[in-house]
1. Among the residues of region 120-139, how many are touching a Ser or Thr at 6+ places or on another chain (Cβ under 9 Å), farther than 18 Å from residue 52 by Cα and exposed (fewer than 12 other Cβ atoms within 10 Å of the Cβ)?
2. Which number in (1) touching a residue at least 40 places away in the same chain (Cβ under 8 Å); (2) exposed (fewer than 14 other Cβ atoms within 10 Å of the Cβ); (3) within 24 Å of residue 36 (Cα to Cα) marks the one condition that residue 79 misses?
3. Can you find a residue in region 52-66 that is under 24 Å from residue 127 (Cβ atoms), in contact with a His (Cβ under 8 Å, 6 or more places away or on another chain), modelled with pLDDT of 95 or more and not hydroxyl-bearing (Ser, Thr, Tyr)?
4. How many residues, within region 106-117, are in a strand (DSSP E or B), of a type outside the set (Phe, Trp, Tyr) and either in contact with a helix residue (DSSP H, G or I) (Cβ under 7 Å, 6 or more places away or on another chain) or surrounded by 12 or more Cβ atoms within 10 Å (Cβ to Cβ) (or both)?
5. For region 60-71, state whether one or more residues are within 13 Å of the chain's Cα centre (by Cα), closer than 22 Å to residue 138 by Cβ, in a loop (DSSP other than H, G, I, E, B) and of a type outside the set (Val, Ile, Thr).
6. Got a sec? Which of 123, 109, 97 is aliphatic (A, V, I, L, M), over 16 Å from the mean Cα position of the chain (by Cα) and within 26 Å of residue 39 (Cβ to Cβ)?
Amino acid sequence: MNLNWKVAFVSVVTFAWTLPAFAEVTVSDAWIRSTVPGQKVAAAFMRIVSTADTALVQATTPSAKFVEIHQMAKEGNVMKMKAIDQLPVPAEKPIELTPAGYHMMLFELKAPLNPGDKVPLTLMFENRGGRKLWVDVEATVRPLGADSGPPKP
């Protein structure tokens, strides 16, 4: 191996070590509240854990025209919901999407969501280096009165 190849090899290996690590993302306890006739919006909740810093940047589902990532925040004495561009997911720190915090809103539902239905979601995560990871999730539809705890048997 001549000197130029050795320098190139060391440069490539060094560059690879400096790239941000890509996450292994686990999503669990995904659920959506059921809807009433004519309702065109629903919210999705879940737990996300990542092995490396990443961010949830997009979600899609065939059950709705579009999905937004939302945050509930108190402004004065009023809780307000607003869309956010991304949801940071720090390494090894579970992020809970709940009715009172971060969640996803499904807009322009294509059909009613009934208890027991399964709704497919595709979540897109992106690390600081711009690498993307897609995670497929199946959210179970729970009755209207459901809280954020695990499903009741």
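1. So the count comes out to 1.
2. (1)
3. Looking through region 52-66, none of the residues is under 24 Å from residue 127 (Cβ atoms), in contact with a His (Cβ under 8 Å, 6 or more places away or on another chain), modelled with pLDDT of 95 or more and not hydroxyl-bearing (Ser, Thr, Tyr).
4. Looking only at region 106-117, we keep the residues that are in a strand (DSSP E or B), and these are 106-109.
If we keep only those that are of a type outside the set (Phe, Trp, Tyr) as well, we get 106, 108-109.
Still in the list and also either in contact with a helix residue (DSSP H, G or I) (Cβ under 7 Å, 6 or more places away or on another chain) or surrounded by 12 or more Cβ atoms within 10 Å (Cβ to Cβ) (or both): 106, 109.
Total satisfying the criteria: 2.
5. From region 60-71, those within 13 Å of the chain's Cα centre (by Cα) are 60-61, 67-71; that's our starting set.
Restricting the remaining residues to those that are closer than 22 Å to residue 138 by Cβ gives 60-61, 67-70.
This time we only want the ones that are in a loop (DSSP other than H, G, I, E, B), so: 61.
Next cut, of a type outside the set (Val, Ile, Thr) only: none.
No; the residues of region 60-71 include none that is within 13 Å of the chain's Cα centre (by Cα), closer than 22 Å to residue 138 by Cβ, in a loop (DSSP other than H, G, I, E, B) and of a type outside the set (Val, Ile, Thr).
6. Working: 123 fails: over 16 Å from the mean Cα position of the chain (by Cα); 97 fails: over 16 Å from the mean Cα position of the chain (by Cα).
Result of the check over 123, 109, 97: 109.
The values are calculated or read from the model by the stated rules, or taken from the named source; none is laboratory data. These figures come from a predicted structure and were not determined experimentally. Neighbour counts are summed over all protein chains in view; Cβ atoms, including those assigned to glycine, are modelled from backbone coordinates with ideal geometry.
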